[in-house]
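Report on the structure given below.
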Amino acid sequence: MKNSWLIIGVVFCLLGMSGCGGHGEDVPERGVSRELALQRKAEIKDLRYALKFWIPQTKSERVTGVVNLSFSLEEARQVVLDFREGTESLKSVKVNGREVAAEVVNEHIVISAEEMKAGRNGVEIDFVAGDQSLNRNDEYLYTLLVPDRARTLYPCMDQPDLKALFSLELEIPAGWTAVSNTLAVEDTLVEGRKRVVFAQTEPLSTYLFSFVAGRLSHISETRDGRKVTLYHRETDSVKLMQTAVIFNQVFSSLAWLEEYTGVAYPFGKYELIILPGFQYGGMEHTGATLYNDRRMFLSEHPTIEEELGRMELIAHETAHMWFGDYVTMAWFDDVWTKEVFANYFSARMTEPYFPQVNHRLNALRSFYASSYSEDRTRGTNAIKQSLDNLNAAGLVYGQIVYNKAPVVMGMLVDLMGEESFKKGIREYLDIYAYSNARWEDLVGILDRYTPEDLQRWSRVWVNERGMPEISSSLHHRCLTVRQKDRLGRGLLWQQSVRFLLMKDGVSVGSVEVWMKDSVEEVVLEKDVDFVLPNADGRSYGYFVLDEATAVYGLEHLCDFSDPVVRMSLVMSLNENRLNRRIAPLVFVTAMVKYLKMETDPLIISAMMEYVKDACFRCEMSERQEMERMLFDLMERQGGEGCQLGAFRSLLDVFSLPSTVNEIYRMWDTRKSVEGLLLNERDYMKMAYELAIRLPDKGNEIIDRQAKRIANPDRKKEFCFVARAVVSDRAACDSLFGSLLLADNRRMEPWTAQVMYYLNHPLREEQAMKYIRPALEELQEVQRTGDIFFPKNWVTNCLKGHNSEEAGAIVDQFLSERPDYPVLLKNKIWQGADHLYRR
């Protein structure tokens, strides 16, 4: 009878029907609300986790675990744990040594104040682990718990500002290897299984806790007393030769950051695990950083962008050890404060590694162009976004956070000076070591090192969405520059804009205009015909070109010797194309003509992307004319990367029978045109595209290509994606329907490719029926997927569509849902932007 009354009492507490313990013990809302997080941060002290997981040989069997949480309270009060699995996944719950009845309500386990005490408390939970964040494959698994996914795996307090010490024990199949945040202190065989015990971690947020287990190979290097180990599943000996470059870049990044910050590497070890199908480029788990195999083991004949990308990725994840792991944002509305440092500093670390590269040019290509892709859309967002519940934290990520933020950080450094900035950063790391900080905390520190009003500057650049529209006009020698808020709020983005002065077709100097007001006027020293904006590539916005300037730019790109001027002008011309000020065919004709003369591979790469996009958005007759231009470029040996860029752009848009025949010949014989060096992934892509265009040969093409692939993980990826290129419409419909079940889209990068091929531009009419159900599934995709997947899901669904009907489906879907979550609506608008630019 006593136990029955206890159970009834606990149930009433869980349902929020009584105020058990006198502390208002209502059940929190689903997810982790800011209110709950603030309450726990104020009450929970000295939090520790001791975790054990039993991992079976086959992925059809569930992983089980035990978690022991210990923490201190000033007084006995209700404690709320987060766990997204159901009550059936709880085997037992013990509080301070006594078993209690408990269940999961609204994704939480609520422990009554009657079970708590002032001082030290312990909660032990025996549970069945959730599968969502275990990323299980036949021969390996890995956890990925950012931003609020720890609660999908085990019961915890899943918020970034409750840092804790973690202890971990794994029982795994005997032939497997285990890696976690710290070194293993015990590795023993027990009854045909392996038991691995890891040392206790430094203070970590829950999203940084991680382990990997599976059939892995490893390589280690030691330099100056520091050992770094690389785990992988690669079988290609040629690719494995690249580990020398990877180690060089890891050690170099660690040394650079230690020197810049004045803080020795703040964790016990640095190890990296390179995995096939990993959802992101990398993830900064301390001591166990995860990387995507395609980004790290480059294909033969890599482009300069791919080589830069690998170094930038390694430097980015290494920078996170200080910015994100050592000092962590208090709430995910400030997630950008870790990403901005990682990208800003990674660019600086990459520069000495590639002295042959113009890094101002690279910043334009990577930071500016990437952030414009979202900032120009209806779905643009501020760098710092409002976030009430961590269950939406994954939607905060995007190009604005990753790429606009470093642009803004560069402006901040220019504003206050390098040395002052460096001193402020060192103070920031010293004050908040192994703790949490907000953007306002950092600005408060930096403000002490500069007379500039950083708070005022930050309000627009950080807290407001969108970018300025900047236009200019000449009247005699008076240059008038206007800045406009395209969203009608009257905002002013303070920045300098450098204009190149043009007279009789040549540059006669430049002038810098500091935009402190919406209209600025400068009297020039000499007569000029027109001006080119953003000549140094440092200003941010949509630069409107008048007709005469646009025509000159299209006709005389090759006249500018400075590659930064050329890249900046190309970007401005493209933005004017997207805003319907330049016709697509006119734009592509000019770009192709210029590509025959351009020599810088970064400019060539950017131009190819713009040309491909313009081809996608044209009527078929114009698209075929552009196709002929790309085919000509593919056969021509021009500047570095031009042939390959033209070929890869052509693969997305070709339709002419003559092009189809030539691409098939190249794939069939594995002999490309002279000078064109292709790799295995190029042939995989050719097979997908040819199967769609040659349906009678499709199955044969897929079968032959699969037999060519030696690596089992890459073969598995190819066969997964190839299901989407079959000619059988019923099979395609069935495949699409299967993706509406979360278990069938666990391999998110592969699933995104499947979604693209199901909605391929050449299948637009038959794929129209997929748009509505894909949008209807988006909230569930967000709930069950990782942070980049909602955007990738909707983008790959809509990318191949170019009709008014497709845009109408999107509009109707949103109009029927006036209360649709804003962060998710933004992802739809970002993915659908091209449908509004027809």
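Just a few scattered comments:
- Relative contact order [Cα under 8 Å, 6+ residues apart], the stretch 137-283, whole percent: 23 percent
- Overall form of the stretch 368-473: oblate. Here a/c, set by the Cα gyration tensor axes a ≥ b ≥ c, is 1.5 or more, and a/b is not larger than b/c.
- Using C-alpha pairs under 8 Å with a sequence gap of at least 6, the mean separation divided by the residue count of the stretch 773-835 gives a relative contact order of 42 percent.
- Table column - 3J(HN,Hα) (Hz), the stretch 106-122, Karplus curve with 6.51, -1.76, 1.60, x for Gly and Pro: 6, 6, 9, 10, 9, 10, 4, 4, 5, 8, 9, 8, 5, x, 7, 10, x
- Accessible surface of the stretch 281-394 [probe 1.4 Å, protein heavy atoms]: carbon and sulfur percent: 44 percent
- Positive minus negative residues near Asp504 (Lys, Arg vs Asp, Glu; Cβ under 15 Å): -2
- A cut-off under 13 angstrom between Cβ atoms defines the neighbours of Cys558, and their net charge, with Lys, Arg +1 and Asp, Glu -1, is -2.
- Judged by the mean number of other Cβ atoms found within 10 Å, the most tightly packed of the peptides 641-648, 62-69 leads the ranking 641-648, 62-69.
- Residue order by solvent-accessible surface for Glu107, Glu619, Glu452 is Glu619, Glu452, Glu107, largest first, with ligands and nucleic acids left out and a 1.4 Å probe.
- Legend: distances between Cα atoms for Lys91/Lys338; Lys593/Lys769; Lys404/Lys791; Lys612/Lys825; pairs beyond 28 Å are Lys91/Lys338; Lys593/Lys769.
- Solvent-accessible area per residue, Å², over the stretch 41-125 with all protein chains present [probe radius 1.4 Å]: 43 Å²
- Cα-projected label distance for Glu258 with Thr480, points at 7 Å along beta-carbon direction, nm: 5.9 nm
- A simple packing score, the average count of other Cβ atoms within 10 Å per residue, orders the peptides 114-123, 325-334 as 325-334, 114-123, with the highest score first.
- In order along the stretch 601-614, the phi-based Karplus estimate (6.51 cos²θ - 1.76 cosθ + 1.60, θ = phi - 60°) of 3J(HN,Hα) comes to x, 6, 5, 4, 4, 5, 5, 4, 5, 5, 5, 4, 4, 4 Hz; Gly and Pro are listed as x.
- The relative contact order of the chain, computed from alpha carbon pairs under 8 Å that lie at least 6 residues apart in sequence, is 8 percent.
- Shape of the stretch 616-674, Cα gyration tensor, a/c cut at 1.5: oblate
- Both the radius of gyration and Dmax for the stretch 233-326 are 13.2, 39 Å, in that order, over alpha-carbon atoms.
- Apportionment of accessible area to carbon and sulfur, the stretch 528-626, percent (1.4 Å): 50 percent
- Carbon and sulfur %, accessible surface of the stretch 405-460 computed with the full protein complex present, 1.4 Å: 44 percent
- DSSP-defined beta bridges in the chain - what % are antiparallel, rounded to 5: 80 percent
- For the stretch 704-838, the residue among His834, Val754, Ser734 whose Cα projects farthest onto the positive side of the dipole built from Cβ charges is Val754.
- Residue-normalised accessible area of the stretch 559-698, given per residue in Å² at a 1.4 Å probe: 38 Å²
- Rounded, prolate or oblate (a/c below 1.5 giving rounded, otherwise prolate when a/b exceeds b/c) for the chain by Cα gyration tensor: prolate
- Highest average packing first - 32-45, 821-834, Cβ atoms within 10 Å: 821-834, 32-45
- Net charge of neighbours whose Cβ lies under 14 Å from the Cβ of Ser734, counting Lys and Arg as +1 and Asp and Glu as -1: +1
- 0 to 90° range, to nearest 10: angle between helix 418-431 axis and the chain longest Cα axis: 10 degrees
- In the context of the full set of protein chains, the stretch 150-271 has a per residue accessible area of 35 Å² (1.4 Å probe).
- One way to sum up the overall shape of the stretch 109-209 is the equivalent ellipsoid from its Cα gyration tensor, whose semi-axes run 26, 17, 15 Å, largest first.
The values are calculated or read from the model by the stated rules, or taken from the named source; none is laboratory data. All figures in this text were calculated on a predicted structure; none of them were measured in a lab. No Cβ is skipped: glycine too gets one built from the backbone with ideal geometry, and neighbour counts run over all protein chains shown. Areas reflect the complete protein model, heavy atoms only, side chains present, ligands, DNA and RNA absent. Shrake-Rupley method; radii C 1.70, N 1.55, O 1.52, S 1.80 Å.
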